[in-house]
Structure formats: C-alpha cells, structure tokens
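Working notes for the structure below.
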Amino acid sequence: MTVFTCEDTFEAMMTCIYDAWASRLGHDNLRLQLEPVWQQGLFCTYVHVDADFSKAAKVVRSIQRKISYEAYRQVFLAAMSFEPDRLDAIYRFLVLGFASGRKLTQMMSRPEVVWIFELSRKANTEANYFREFTRFSQVGQVYVAHIEPKCNVTAISAAHFADRMPSEHWMMIDDNRQIAAVHPKDQAYYMTRLTGEELKQLRKTEEEEDIYTDLWREFFESIAIEARRNSECQRNNMPLWYRKHATEFQRRARQ
Amino acid sequence: MEIRSGLTLQEKLHILADAAKYDVACTSSGVDRRGREGYLGNSVAAGICHSFAADGRCISLLKILLTNHCIYDCKYCLNRVSNDTLRAAFTPREVCELTVEFYKRNYIEGLFLSSGVWKSPAYTMERICEALYLLRNEYRFNGYIHVKAIPGAPDELLAAAGYLADRMSVNLELPTGESLRKLAPNKTHKAILRPMRMVSDTIAEHRLAIGKSAQMERSRSTQRLGGGIFSGAGGRIGERADQSGFVGDARPLKAQMPAEDLVVRGSQPVNAGRESFSLPAGLRRRDLQRPFVPAGQSTQMIIGATPETDYHLLKTTQHLYQTYDLKRVFFSAYVPLNEDSALPALGTPPPLLREHRLYQADWLLRFYGFHADELLSEERPDFNELLDPKCDWALRHLELFPVEINSADYSTILRIPGIGPKSALRIVQSRRYGKLDFPHLKKMGVVLKRAHYFITCGGRMMYPTPIEERYIARQLIGVNEKENWQIRHGSKTGFRQLSLFEDFQLGA
C-alpha cells in the first residue's frame, strides 16, 4: 500500500490527488492522507506531495468540466470539513465521478457520494452559521471579528461579508487555525496567516466595547417574551459553542 | 399616560423594542440583492437569522416601533391609548444610526419598522417614510427593510414606503370582522384589506413590467408539484380531496364567514380588477427604479384571544395566499397583557402548541401541496393535539399507504410523514441510478422514525408493521410526545409526574 500525504490546504490536496492518480499504482493499492501522520502503517510506503499550483488547477478544471460544477462545490466544501479521512473520501468520490460524469452528485445510493454529500453539507451548514453568528467589533476604522469554527469556513463566510460590506475595512480571524480574511475598503479580500504575536495583539480587539455593544445587549434582552421563555429551543437553534464570541452572550465588562 | 422628555437612546430602545416584540414576523427572506460599492448591505433570499432570544425566537431584524404613542384602543395591545405606560419615540435619524451601526457589526440583517398610530395614520406613515428615505439615501443602506403599512394612511405614502422597503405587511390582527369589532374598535377589515389589496396589485404590476409573472415566486417544491393552493383551482390533489369526502374549494366561503370578511373580492384571481397606487411625488427617480416590495407582503393574526377554530384560521390563511398573493401569514399566540372582560385572563398560558400546529399546517399549504380542506373540516375543526397535521392526515388516509419509494411520484412521496421537499427531491433524483433502501433514505435526511410506517423499499417495510390506524397512531404519538411537551412547557421545569392514563393511552 502506498500512502500519499500532503499538507492541510486545498491546493496541496488537489496536487496530492493529481500525483496519486498519475502514479498508476491502481486505485485499490493507494491511499491518501493528510499530514501530520501520527502513526505509520507497517507495510506502507509514504510519499509526501508538495503543493503545485498548476497540478491543482488541472484537477479543479477536470472536476468542473468532466463531472460538474456541483461536484466541485461539494469537493471544495468537503475539503474544508474537519473529518480526518476527508482527502481519501474525496479521492474515492472522484474515482467514481470520472467514470460516471454529470450524474455523480445524484447517485445517492453509492457510499462514496453519500460520504462527500454529508461532509460538504456539514461544512456548508457551518459556513452559513458563521454568516449569522459572527460578530464584529469596531476598532478605529476597522471591524474585527473572531471565530472558532470546526470546519475551515473563514474564506467561505468572508465571501458573504465582502458582498455585504464592500466599502468597509474589516477582518475575520480564525483563532484556532491562525488565519484571517482581510478586507480593505473597496478592494477584494485576501486570506493570510497570522503569527502568534499578531494573534495576541488582535485578541484584545474583542474586549473593545462601545455604546452599540451595550445597545445591542439591551435590544437582545428586551425582545424576548417572558411568557414564552424556552432556553431549550434557544439552544437547539444556537448551540452553546457558537456563542463564545457572540456579543450578546458575553458578560458586560463594565458592570 | 406619562411623557418624559430626555430619554436616553438606551431607554428608548428598551421601551420600543419591548413594545415591538409581540409582532411575530422577523424574517429577512424573499429577496436576493448583491451588495454595491459605496453602499452598505446585501440581501439573501433564504434569509439570515443573527441570534436567538431567550424565548427561542430568531432575531433577524432590528424590530422596533418608531413610537409607542397610539390613538387607538385595541384591547389586546400593550400600547393602547388607555394603558398607562411609558411612551417614547425615535427620531428618524436615531433609527438610521441604530440600523447602520448594528448592521456593520453583523448583529442584524436589516430593519423591521412598525409603529403605534401617532396623532393620525398619515402623520405616522410620514415619519416612517422619512426614516426609510434617510436610511436608503443618506445612509446608503442596501440591506433588508420590512415596514408596516398603517391602514388609513394616504396612498402616496404607502407607495413611497413600498419603493423603499423590501417587504410590507398589514396586520390582519383577527380572522373575523366580528372579533375585530369587539377587540379593536378603531379598526375594520375593510380598512385593513384595502391597502393589502393595493400593495399586492402594485407588486403584480411591477412584476409584469419587468417581465416576470404577476404572481410571486413560490418554493421549488411547489413549482414541481403543479397542484397545491398556488396553482389554479382543481388539479390532482383537489380531486383526491373530493374523493375522500372532504369539502372542496367549490363551496363558497361566504357560507362559513360573515359577509364583510375576507371575501371582499370573492375568490378572484390576483390580477383581476387592479387598483394600484399612483406614483408618489417627492421620491427621486432612483427610488422609483427600485422594485416595488420585492420580497412581497405578509400579515399576522392573533390566535387564542377569540373563539375562532383552527379550521377557520387555516381557511383564512389559504384565502389570503390565494387572493392577496401573500408571501407569509404569521400566527401569534396571544399573550395576555391587559385585563379585560373580553379577553382571556392575565396569566393564561399562551397557546403555543396550537400556534405550532398552525405553522405546521401553513408549511403543508405552502410547500407540500395540501389544501386547508384536506387537513381540517367543519366536523373536525381543530388540530389533533398529539399528532402533527401531516401524520394526522396520513393516518386518516391509510388506504394510500404504504408507498413504494422506488416508484412513487414526487407529490405522493412529499405527502409521507417524515419526508420533506429536500429529501423527496433527493429520492426522485437518486433512484434513477440505483435502488434505494432504508439506510440510503436515512442518509438523505428522511426521518425514518416517522416515515417507516408509511413506506416500502423494494416491496419490504422496515419492520413488520400492521397498517392499522390505532397501532400506528399509538406509535407516532410516542414519537411526537416529547416535542409537544417541550413546546407547551418550554424548559421551565425539568421533570413531570408520569401518568398511567395519559402516557400509556390506557384511558381511551
């Protein structure tokens, strides 16, 4: 068994798929795995693959042309999920996809398709949630948001905010992965990696309070109807882990 | 009445959000609009909720009243003129600042602006329009705006609001004219339905002018179905209803409701006999280029304050969808706020389960191709407390079940309890490429704990199940019970005494 390994970036994953396919070892004789590899198998050879833009672009183009755009969307979202085996799942999905073409995403009786469908749905749902529950705080002219998503959804959610606030300076920071989406006023947003020092500095922005954070908490409390209080329903709709960075659930600093 | 000057913004927000919270509609859905450089905001057709309040209801829009001053004396309302409450009013600029600043911090998806009737409907509507105009033009706000139309305001002002907002709503308040007379002496159905009719006609005209169909778009599942309440009378589902001995649409509604009620125009199609707004003066050309109320109209009804049955409410709802082409009808469980002999006593728990059942039925009308008459009838005017309307319907039509998943058509699959539009579509698409079995269905999102009593895969049911009403009912009630109890009691108490008779159906 040959195991192809690569870093946890979309480009590296696509390159890894390209190299595994081009190795002509036979789909059953190889496996794909994300780094870091904690425990090596006894009878496996490990091949590390470095990200290569042109190879990744070729894979993306083939998925879009030979399978469908929907299949590409699902592959991208699945790659952003936090399932450890996602790279191999994507590979199996594509093996079936290049054989069957456009109808791939509708073949829900195949386990490969269902697996990717589930992963992509999970990532998509989470991206939608962070579209909703992300909170920005104002620091000078810049709006800064901190999130801690399970799936890597910062780039996806940032696309929504780029459309929503095109003429504002803002940034969205994934505290765990140490990456940020930065959007300068009237320009396209870009993704960047943060150093530990930068992150430490940026953490402080969350303590920033102004009149509108207070007003928002006031509104949040006034709008609930006491006779209908139902915290179970509230928890179902907005699970506790999403509330970590939500202004209305943070204790007031000044009181 | 106490009027205090010099309230802070925070105090005003407290009073006016508190006064607005009994308005139910808080959706930001129905219109897709991209952001624009130099402007703030976009809009997503699916709607975006931003938070959930302690009562579990979503917070999508900044829901406030412009003022809680009111000259009307509706008995159920907190802001009625005879109540001694603290009154406040926002200036239009305060509304704009709040909206824009909240929006930039991603607290809200837009503004929901309602108001008490201050001095006169015209005066109030003018203030509302002023706020919206400022927000759209000076603050360059491109997000979602939901505005209440105040019945009795001049047409010009209502039209202006329509060009500035995304959704308009006129509250029907109560389903019959009689109840309205009793509880809201200053309002009449005629006055409420006139702006509703005009808004819906103007929407239709604008849609035709830009090459769309006169009727609002409905969900994809409804388009796929063909039948249902949004297509013309009859259709396959209508026939089925007639066969099973239910009252069809043929029966005139007038027989069931007092004459001056919703049947102001009988059941004419939406685009017959238009009466639309003339263009308002004072708006700039850019404002008139906006689509008129692109996210459509909605309304709301209070339930539990008056003796109407569920059947009556659902019939009214269906009628509103068909005649006024409303996008949504909302129900609001009555929370007793005022002491009055005509109203339930203070402390009466709001009928939350009933509200829930009505919403479930509303979904069945809008997405599943059901008609009101299939779900309820004169003889059975109220929903089953123990079972949701879809299970209830399926149990009364066991002759149609079980359904073979691998061959049944879309509309039949959609009527199986536990299967919704999305999973029905997935079933229809994927069975072309391979036979489906129960594990596949589970992965696709079918709720098998409800569905497995009604389906076969490859000719087999999941478990050996007698197709027998009493047996299946008993099983399904067990499935629904936890949910029902939660809705009714919230999560105030954690435990409850088991009852031999109630919990195990020994009494019946």
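Of all residues in the stretch B:398-438 being in a helix (DSSP H, G or I) and at the interface with chain A (Cβ under 9 Å from one of its Cβ atoms), which is farthest from B:GLY227 (Cα to Cα)? By that ranking, first place goes to B:TYR433. Among the candidates B:THR99, B:THR85, B:THR27, B:THR67, which residue alone is hydroxyl-bearing (Ser, Thr, Tyr), surrounded by 19 or more Cβ atoms within 10 Å (Cβ to Cβ) and closer than 29 Å to B:PRO185 by Cβ? Selected residue: B:THR67, the only one of B:THR99, B:THR85, B:THR27, B:THR67 that is hydroxyl-bearing (Ser, Thr, Tyr), surrounded by 19 or more Cβ atoms within 10 Å (Cβ to Cβ) and closer than 29 Å to B:PRO185 by Cβ. Summed over the stretch A:102-127, residues that are touching a residue at least 12 places away in the same chain (Cβ under 8 Å) and touching a Ser or Thr at 6+ places or on another chain (Cβ under 8 Å) total 10. Is the stretch A:218-232 home to any residue that is more than 9 Å from chain B (Cβ to nearest Cβ) and farther than 24 Å from B:ARG33 by Cβ? No: zero hits.
Those helices (runs of 4 or more DSSP H) of the stretch B:129-233 in which at least 2 residues are over 30 Å from B:ALA408 (Cα atoms), considering only elements entirely within it, cover B:155-164, B:177-183, B:189-209.
The residue of the stretch B:344-367 that is surrounded by the fewest Cβ atoms within 10 Å (Cβ to Cβ), among those that are modelled with pLDDT of 90 or more and farther than 15 Å from B:ARG488 by Cβ, is B:TRP363. Would you mind stating whether B:ASP23 is closer than 17 Å to A:ILE225 by Cβ, in a loop (DSSP other than H, G, I, E, B) and touching a residue at least 24 places away in the same chain (Cβ under 8 Å)? Here the answer is yes, as B:ASP23 does meet what is asked.
Only residues that are assigned to a helix (DSSP H, G or I), away from chain B (no Cβ under 14 Å) and in contact (Cβ under 8 Å) with a residue 12 or more places away in the chain were counted in the stretch A:189-214, giving 5. Checking each residue in the stretch A:233-255 for being within 9 Å of another protein chain (Cβ to nearest Cβ) and over 21 Å from A:ALA127 (Cα atoms) picks out only A:CYS233. Taking the stretch B:73-117 as the range and being out of contact with any Cys (no Cβ under 7 Å at 6 or more places or on another chain), farther than 22 Å from B:THR299 by Cβ, in a loop (DSSP other than H, G, I, E, B) and more than 13 Å from every other protein chain (Cβ to nearest Cβ) as the test, the residues that pass are B:SER82, B:ASN83, B:ASP84, B:THR85, B:THR91. Applying the criterion of being of a type in the set (D, E, K, R) and part of a helix (DSSP H, G or I) to the residues of the stretch A:159-188, the residue that is surrounded by the most Cβ atoms within 10 Å (Cβ to Cβ) is A:ARG164. Of all the criteria given as (1) of a type in the set (A, V, I, L, M, F, W, C); (2) assigned to a helix (DSSP H, G or I); (3) at the interface with chain B (Cβ under 10 Å from one of its Cβ atoms), the one not satisfied by A:ILE156 is (3).
Does at least one position in the stretch B:145-160 carry a residue that is surrounded by fewer than 21 Cβ atoms within 10 Å (Cβ to Cβ), touching a residue at least 60 places away in the same chain (Cβ under 8 Å) and in the same structural domain as B:ARG328 (by TED's automatic domain parsing)? Within the stretch B:145-160 (the criterion being surrounded by fewer than 21 Cβ atoms within 10 Å (Cβ to Cβ), touching a residue at least 60 places away in the same chain (Cβ under 8 Å) and in the same structural domain as B:ARG328 (by TED's automatic domain parsing)), the answer is yes, since at least one residue qualifies.
Scanning the stretch A:138-153 turns up no residue that is without any contact (Cβ under 8 Å) to a residue 24 or more places away in the chain, surrounded by 22 or more Cβ atoms within 10 Å (Cβ to Cβ), facing chain B (nearest Cβ under 9 Å) and closer than 28 Å to A:ARG217 by Cβ.
Looking at the structure I just gave you, is A:VAL95 outside the structural domain of A:LYS244 (by TED's automatic domain parsing), within 24 Å of A:PHE4 (Cβ to Cβ) and more than 20 Å from the chain's Cα centre (by Cα)? Yes; evaluated as a whole, the condition is true for this residue. Looking at A:GLY97, A:GLY26, just one residue is of a type outside the set (S, T, N, Q) and surrounded by fewer than 18 Cβ atoms within 10 Å (Cβ to Cβ), and that residue is A:GLY26.
Please state which of the following conditions B:PHE90 fails to meet, knowing it meets all the rest: (1) under 24 Å from the mean Cα position of the chain (by Cα); (2) surrounded by 20 or more Cβ atoms within 10 Å (Cβ to Cβ). The one condition B:PHE90 does not meet is (1). For the stretch B:48-72, the candidate set comprises residues that are within 8 Å of chain A (Cβ to nearest Cβ) and part of a loop (DSSP other than H, G, I, E, B); within that set, the residue that is nearest to B:LEU16 (Cα to Cα) is B:ALA53. Number of residues in the stretch B:284-307 that are more than 18 Å from B:VAL147 (Cβ to Cβ) and buried (at least 20 other Cβ atoms within 10 Å of the Cβ) equals 6. Would you call A:GLN178 more than 14 Å from chain B (Cβ to nearest Cβ), in contact with a Leu (Cβ under 6 Å, 6 or more places away or on another chain) and farther than 30 Å from B:ALA20 by Cα? Spelling it out, A:GLN178 is indeed more than 14 Å from chain B (Cβ to nearest Cβ), in contact with a Leu (Cβ under 6 Å, 6 or more places away or on another chain) and farther than 30 Å from B:ALA20 by Cα.
The values are calculated or read from the model by the stated rules, or taken from the named source; none is laboratory data. Fair warning: this is a prediction, and the values are worked out from it, not measured in the lab. All Cβ positions, even for glycine, are placed from backbone atoms using ideal geometry, and neighbour counts span all protein chains on display.
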